[in-house]
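One structure below.
The values are calculated or read from the model by the stated rules, or taken from the named source; none is laboratory data. All figures in this text were calculated on a predicted structure; none of them were measured in a lab. Note that each Cβ is placed from the backbone with ideal geometry, even for glycine, and that neighbours are counted across all protein chains shown. SASA here: full protein model, heavy atoms, side chains in, ligands and nucleic acids out. Shrake-Rupley method; radii C 1.70, N 1.55, O 1.52, S 1.80 Å.
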Amino acid sequence: MVLVPFGVLLALVRSHSSGLQSADQSIAAHAHTLAVHHHSLVTFLKAVSTAGAPRTFWVLIAVLAVVLIVRRAARLAVWAGVTMAGAALLDNVIKTVANRARPHFANPVATAPGKSFPSGHALESFAGIAIILIVVLPLLRPAWRWVVVAIAIVVVALIGISRVTLGVHFPSDVVGGWIFAAGWVAATCAAFRLWRNRKDPDAESGGLDAESSEHLVVS
């Protein structure tokens, strides 16, 4: 169901919908104007964008997968790796299909290569953080879960906002990335549930922490 609005958004992008283009360009222009007049803001958002680049989440999920394997939760490690790798691959596929040019400004504060829709930063940061939350949240005390989720939301939002304010993506690129990532993670969780249910539930002999994480994915 989550991918339905993404499909609609992709269709609007491919058809060069005047309504979507007008809204995108208006918001992007206002954000760019703000950036041009606030050098310190640009410096901060560039740092956010660099730290929140897809490669950051590739590394984080790779490390997470290794930790899960060490904890003898190999299936969960495979799920995490496949979900992150799939997000990166599909990001490139969709960019090719959408074939949308990036925003263009006479006095850009930042540039980026490749196509614009969807935002790889938005899509892969959302997917990466969602994977980490699914694995980590069951290991935390309930009081800390809300804190971690709130921090995760702020980080994802900042990364997305940075891409628009720096003038390298339209707002719909970021929203599209978030929507697709949510649908993709939900789909891989469903696939993991089917895979796990076909196996011996005691096949993973890791500790309670690893089992709790797997339980969250399938519940």
Of the chymotrypsin sites (Phe, Trp or Tyr not before Pro) in the range 96-165, those whose Cβ has at most 12 other Cβ within 10 Å and which sit in DSSP loop:
none
Relative contact order as a percentage, the range 78-182, C-alpha pairs under 8 Å and 6+ apart, gives 40 percent
Please give the solvent-accessible surface of THR111 in Å², to the nearest 10, using a probe radius of 1.4 Å with every protein chain present.
120 Å²
For helix 120-136, what angle does its Cα long axis make with the longest principal axis of the chain, in degrees from 0 to 90 and rounded to 10?
20 degrees
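Would you mind calculating the relative contact order of the chain from Cα pairs under 8 angstrom and at least 6 residues apart, reporting the percent as a whole number? Please list the in-between numbers first.
Values: 272 pairs, mean separation 71.9, N = 219.
Here the relative contact order equals 33 percent.
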Magnitude of the charge dipole, the chain, Cβ model with Lys/Arg +1 and Asp/Glu -1, debye to 20:
220 debye
Specify the angular offset, from 0 to 90 degrees and rounded to the nearest 10, of the alpha carbon long axis of helix 3-14 from the longest principal axis of the alpha carbons in the chain.
30 degrees
As a test question: what accessible area, to the nearest 10 Å², does TRP184 have when a 1.4 Å probe is rolled over all protein chains in place?
60 Å²
Can you pull out the chymotrypsin sites (Phe, Trp or Tyr not before Pro) in the range 1-93 that DSSP calls coil and that have at most 11 other Cβ atoms within 10 Å?
none
Go ahead and set up a Gaussian network model of the chain, Cα springs under 10 Å, then flag whichever of PRO54, PRO113, PRO138 fluctuates most.
PRO113
Give the accessible surface of the range 25-155 per residue, rounded to a whole number of Å², with probe radius 1.4 Å and ligands, DNA and RNA excluded.
53 Å²
What is the sum of charges around ILE27, taking Lys and Arg as +1, Asp and Glu as -1, for the other residues whose C-beta is under 15 Å from the C-beta of ILE27?
0
Which of ALA150, VAL36, THR96, positive extreme of dipole for the chain (C-beta unit charges):
THR96
With Cβ to Cβ distances under 15 Å as the rule, what net charge do the other residues near PRO54 carry (K, R +1; D, E -1)?
+1
